[in-house]
Each structure stands twice: as C-alpha cells, then as structure tokens.
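These notes concern the structure reproduced below.
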Amino acid sequence: MKIFHITPDYNFAIKFVLPVASEHARDNHQVKICTHRNEYSSTKFEANSYFENEVEIFDCNVKVRRDLISYLYSIFLLLKEVRLFSPDIVVSHTSIDSFFPIIFIRFFSKKRIVYFNHGVPFLGYSSWMRFLLRVAESLNVRSAHQVFTISAAMKKHLNSVASDGDSVKMISPGSACGIPLVSREYSEVILKRQEARQFLGIPQDEKVVIYVGRPVFRKGFFDLLNVWRKFFNEERTRLLLVGPSGEFGENNNEFNGSNIYFLGYQADPTIFYLVADVLCIPSHHEGLGYCYLEAAAAGCVPICSDIEGPTDFVKNRFSGLTCKIKDAKSIRDCIGELLYDRDLRERLAFNAFQSAIAYDQEVIAPKVSAAILDIERR
C-alpha cells in the first residue's frame, strides 16, 4: 500500500508525522512525506537521517502564504506528485494548510483522503474570522473520507461541523503520535533531573521556570514575560525561554542583567524540561499542547490556561495548574504557588508524570498507523 502524508514544514514532519510514517514503512508499505525545509533546516534536508525505514520525502511548500503565485505553483507540484506517486491514502495534516490540498485532491482524483486535524483555529478567534475558519474547518471535515484529531475537546468541535455529527476519530488518550518517554520509572526521572542540573551548572535549589514555543501573542508568551519581569526578577530563580531568540534575545539591552535566558530553537528540549520545576505556557488556544506532555514526562509541573485542549491533560491541582486566560494575576499566582510550595510541586509532578505515561509514543504511534490504514480496508 502507498501512503502520502502532506505536512506544512520539516520540523512538524519530524515530530508529529514521522513516528506514524515509520510504522507504515515497518509494515512494508511505501511511504512519502510532502514537507518543506524551514529555518530549522539550513541546507536541503540536512537531517535526512531522521527519515529511515524507506520513508521518502518530497520537497514542496504547501503552507498558506501571501505570495499567491508561489502558493498556487506549490499546489500544482503537489497534485503532480500525487498523480505520479499514485497513493492509496493521502493524509493531510493541520487545519488551514490542509484546506486547498484536500479540496484539489478530492476534485482532481479519487484518492482516499484522511484529514488529520492538530487543533481547531476558529476557537481562538471571534467575529468574521471565526466564521471563515469555521467554514474552512467544515469543508475539511466534509471533504475527507476520514478525520482524526488529537484531543477530546477538538473532537467535540470538529463533530459540530461534520455532516453526521459523530464521525471524527481520536486515538485515546489523544495526540498525533504520542511522545517519547524519558523513562517509565519516576525514580529514574528524578535521577536524570539531578544529572541535568549538574551538567548545565544550575544549583539544585534554584527555582527554574521554562517556556517552550514561538514568541507569539496566542501562545501567551508576552503574558508570561510581563509577569516574570514584574514579579519574579529575583535571585536564585530563572526563566528559560526555549524557542524565542533574535530581537527577544540576550542582545536586547532591555534584558541585560535579568534572570531570563533566551535559548533559541532546540531540536530536543528534553534536558531543559529536566532542569525546570515548572513549565508555563499560558496559551490563548491550543489543540492539546505537546509541551505539557513532554514536561510532565520529565518531572516538570505544567501550567496552562483554563481552555479546551490542554485541560484534557492538565487537570487543575492534580496534574498541573490552570490559570485564567490573559490574566496576569492568575499567571503570577500559579507560578508563585508552585515555586514556593515544594510539597504541592512534588505531588503534582508525580501525578503529571504518571498521567504522561499513557501517551507513550511506542504505544500510540502503532495505533494511529493501524487506524489510518483501516480506511483502505473498509
């Protein structure tokens, strides 16, 4: 069988698609991933070693952009490759970037189409923008032969725009492919946390908060940054920003002498989860939020906004804390409570770790692979 995955960029393909595609290949299916190099791959697929087990790549940028001519040409190349490869199943990932590929492939071919939703964007907007994104989501769902998503909350909203109201699938407990676990034993994770601090030269008693993601408004980056600079600019605390760099980096005089550390993009942020006490990403909307799972698996307590998606995993005062959306006081209180209440922090860290085990990639990726292949059998 031939399976063709369509993804918006190379980093996304490696993290969220390759684990499932590799399962296809191990079962002797022919697999190709349409993706595109970005700022994380300076030469043409220099990290080609990621693509093992005969998983091929097709370099094509299908990410929606303002350059209409360039975008339409990319869609043309995509359709040409679909015709040449002649897959049995086409799997299109993400929401907005799937819209035109799904529509055109459905119109110009008879391929079986799987729409793999990684989050519902219309939840983060209002007025006419929410309406347009909801219409696009509805067309994605209704044009595909099968729809998968990553969390119970997203499943509910996608079913609300589906024709039959109950066709969207989610592989329990959620996520696109699960996460690689640091260990299945909490005692071993604790040891790795101590070793990580020693390796990076961070004192064991220093309080560390981490943010992982792009420095954008919807991720709550500026909400967190403003709270930290106002309330937590003190000795023996530090904020690690994994992802933000450039104009937000250490060369900015505004941050000179502060306890904020800009680490830029990290292909594998595991060691930074291990040294952190708390992960705080107060997003305004999310599909699920893999960073919360990854942090929990490393013994780090997650804080998220009280919104649909992340709260499928982060249960307030059990596996983390939830703050009010865009609320500086609430964000401050959550961070402060975890940093200065060791008993609470340790209890939530253990509960979060135990909850994260259910998302083991070695278990979930094969299940997702099997569910995608099942569409051709029916």
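Each value in this text was obtained by applying a stated rule to the coordinates, not by laboratory testing. As the structure is a prediction and not an experimental result, all values here were calculated from the model. As a convention, Cβ positions derive from the backbone with ideal geometry for all residues, glycine included, and neighbour counts pool all protein chains shown.
Roughly how compact is the stretch 138-249, stated as its Cα Rg over 2.2 N^0.38 Å to two decimals?
Details: Rg = 20.4 Å, N = 112, 2.2 N^0.38 = 13.2 Å.
Cα Rg divided by the expected 2.2 N^0.38 Å: 1.54.
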Normalised contact order of the stretch 186-359, rounded percent, pairs of Cα under 8 Å and 6 or more residues apart: 22 percent
Hits among lysines - C-alpha to C-alpha of K80 under 23 Å, sequence gap 8 or more where chains match: K2, K32, K44, K63, K110, K111
Kirkwood hydrodynamic radius (C-alpha pairs) into Stokes-Einstein, the stretch 186-359, 37 °C and 0.692 mPa s, D in µm²/s: 208 µm²/s
Set of the stretch 95-119 residues, backbone N closer than 17 Å to the point 7 Å along the Cα-Cβ line of Y71: 95-105
Net charge of Cβ neighbours under 11 Å - reference S92; Lys, Arg +1; Asp, Glu -1: +1
The stretch 215-230 versus the stretch 138-184: alpha-carbon centroid distance in Å: 29 Å
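Under 15 Å between alpha carbons: how many lysine pairs meet that in the stretch 186-359, if sequence neighbours fewer than 8 apart on the same chain are excluded?
Numbers: K219/K324; K219/K326; K230/K329; K315/K324.
So the count works out to 4.
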Where chymotrypsin sites (Phe, Trp or Tyr not before Pro) fall in DSSP loop in the stretch 289-378, at most 13 other Cβ within 10 Å: F318
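If you take the C-alpha gyration tensor of the chain, multiply each eigenvalue by 5 and take the square root, what semi-axes do you get, largest first, in whole Å? Before the final figure, lay out the partial values.
On the way: eigenvalues 262, 93, 88 Å².
Equivalent ellipsoid of the chain: 36, 22, 21 Å, largest first.
What FRET efficiency would be calculated for the residue pair D360, S167, taking the C-beta separation as r and a Förster radius of 45 Å, to the nearest 0.05? Numbers along the way, then the final one.
On the way: r = 27 Å, r/R0 = 0.60.
Efficiency, rounded to the nearest 0.05: 0.95.
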